[in-house]
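Shown next, in structure tokens, is the structure this report addresses.
Bear in mind these aren't lab numbers, they're just calculated from the coordinates by the rules spelled out. Please read all numbers here as calculations on a predicted model, not as lab measurements. No Cβ is skipped: glycine too gets one built from the backbone with ideal geometry, and neighbour counts run over all protein chains shown.
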Amino acid sequence: MAAPIRILLADDHPVMRDGISHILNREPDLEVVGQVGDGHQLLNVCESIRPDVLVLDLVMPGPPALLVVGKVREACPETRIVIFSAYESYVDFQELLRLGISAFVSKDERPEVVIQAVRAAHAGSTLFSAPMLQQLRDGPVKEPLTQREEEVLQMVVRGWTNDHIARELGLTERTVRFHLTNIYAKLAVSGRAEAVAWAARRGLGRPEAKNLSDPPG
């Protein structure tokens, strides 16, 4: 009998990780060999255990998702990457394809689809949820920042933390991280400091007080 496919799970929600781990471990040919909750841990763990397949959520604490995917591909080229995300309508799918992902599964899909994606990735094939296939048909689209993304970027320029931004806009920190990931991808920057530098080069300094209040706390 062939050795099981070794899987690393990366998601910042422990309940989600445990649920997916349980689903995958029920299959005799699959084995979850590690779990991480943020992008900072991911690279070290991936290099240490060298999984066959990485199942990766795009919105986690740590570096932007596209940067994480690129670094995993460099550090662990033999590891196939399955994206498992709730934000499939907002990601730069073309860039993920360029970076070499094997599958993209929406968190709205049935659990069986995740199993299929892992097996397909390990076999050198691909599997993508319907919204991703639609993006492939439509071709690459580079969009400007949305109004909400512009608000978040302005707050980042002012030095606000994710917690302050979330409280001001009535969002969860996870949603703020999602907006930041999208901003970084659209601006082609690697993180917060580069986004601030990008804004500064274009004269996007501190917003007027009538638009945004000082950070709470």
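Data table
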{"item": "Net charge over other residues, Cβ less than 10 angstrom from the Cβ of R119 (K, R count +1; D, E count -1)", "result": "-2"}
{"item": "Placed amide H near L30: partners under 5 Å, 5+ positions off or other chain", "result": "I5"}
